[in-house]
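Asker: Dropping a structure here in structure tokens format, bear with me for questions.
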Amino acid sequence: MEVLIFQPRKLEGISAKIIELISDLSLDENPIIFHLFSNGGGAVYRHITERIHRTDRSALNVRGCILDSSPGKTTTLSSFRTGMKAVYKGMDVNATWKRVFFVGVALLMWMMYWLSSLVFSKKQLPDRVSYFPAMLNDPSEWPQLFLYSKADELIDYRAIEEVIAHRKCLGVSVQTLCWEDSAHVKHFMQHREAYVNAIYQFMDACLKHDKAE
């Protein structure tokens with residue numbers, strides 16, 4: 001997520017390296033199912049799918065995609081929360097001066113995000129702004145499994161359900177599993193059995209469809 005907000009130019013490079021790695025490992029013809037987490041993973045996935053459809057659609061044998069706590073709208077508030085988490089990570093905030101420093105840096109991140117949103121025109125939308133519409137209209141047609149929670153404090157579940165409804169309208173095969181209480185990307189930890197079963201069932205359906213073809 002930090003890359004999506006502060007270093008979006010790296011995303012295309014990361015996606016290109018992933019595709020190159022799959023090719024280097026001779027996995028091109030093997031069934032591939034992406035499993036991505038939060039908007040950070042979603043942003044990389046977005047560039048992978050765009051690259052695939054921009055070049056050779058048959059280059060990778062993608063059979064499906066699992067989206068954990070994604071996608072969400074990168075609003076100013078969500079970016080501020082993510083920035084706070086990025087700064088907070090690994091920091092001892094017991095001392096008062098460290099708390100002040102932490103909040104100050106988080107506010108600075110929020111101001112940078114807000115100002116950059118004003119600078120970019122609609123023809124030059126940064127990744128954090130164009131990301132959600134891109135996930136809505138993802139050109140891929142392989143099945144998708146959405147794993148999310150109404151208790152997620154970073155990604156509004158209603159945004160995910162907006163994507164789910166839109167993908168279904170586009171004719172994409174969509175499966176969903178929504179919890180009431182699990183935190184952001186913590187669904188596996190809090191609902192291990194249900195999480196694993198959902199993934200197994202989804203993968204089985206994707207691979208059976210692969211064999212049918």
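Yes/no per residue for (1) closer than 23 Å to residue 12 by Cα; (2) modelled with pLDDT of 95 or more:
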| site | (1), (2) |
| --- | --- |
| 109 | yes, no |
| 112 | yes, no |
| 140 | yes, no |
| 166 | no, yes |
| 182 | no, yes |
| 188 | no, yes |
| 195 | no, yes |
| 212 | no, no |
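Asker: Which condition breaks for residue 187 when tested against (1) more than 25 Å from residue 53 (Cα to Cα); (2) open to solvent by 40 Å² or more (accessible area, probe 1.4 Å)?
Answerer: Among (1) more than 25 Å from residue 53 (Cα to Cα); (2) open to solvent by 40 Å² or more (accessible area, probe 1.4 Å), the lone unmet condition for residue 187 is (2).
Asker: Return yes or no: is residue 165 part of a helix (DSSP H, G or I) and crowded, with 17+ Cβ neighbours inside 10 Å?
Answerer: Judged against the criteria, residue 165 is not a match.
Asker: In addition: Six or more apart or on different chains, Cβ atoms under 7 Å: show the pairs whose first residue is in segment 13-39 and buried (at least 17 other Cβ atoms within 10 Å of the Cβ) and whose second is modelled with pLDDT under 85 and of a type in the set (Asp, Glu).
Answerer: 22/28
Asker: What are the residues in segment 28-54 that are part of a loop (DSSP other than H, G, I, E, B) and modelled with pLDDT of 85 or more, if any?
Answerer: 30, 31
The values are calculated or read from the model by the stated rules, or taken from the named source; none is laboratory data. Note that the structure is a prediction, hence the values are computed from the model and not measured. Note that each Cβ is placed from the backbone with ideal geometry, even for glycine, and that neighbours are counted across all protein chains shown. Each accessible area value is taken on the protein alone, full model and side chains, heavy atoms only, with ligands, DNA and RNA left out. Shrake-Rupley method; radii C 1.70, N 1.55, O 1.52, S 1.80 Å.
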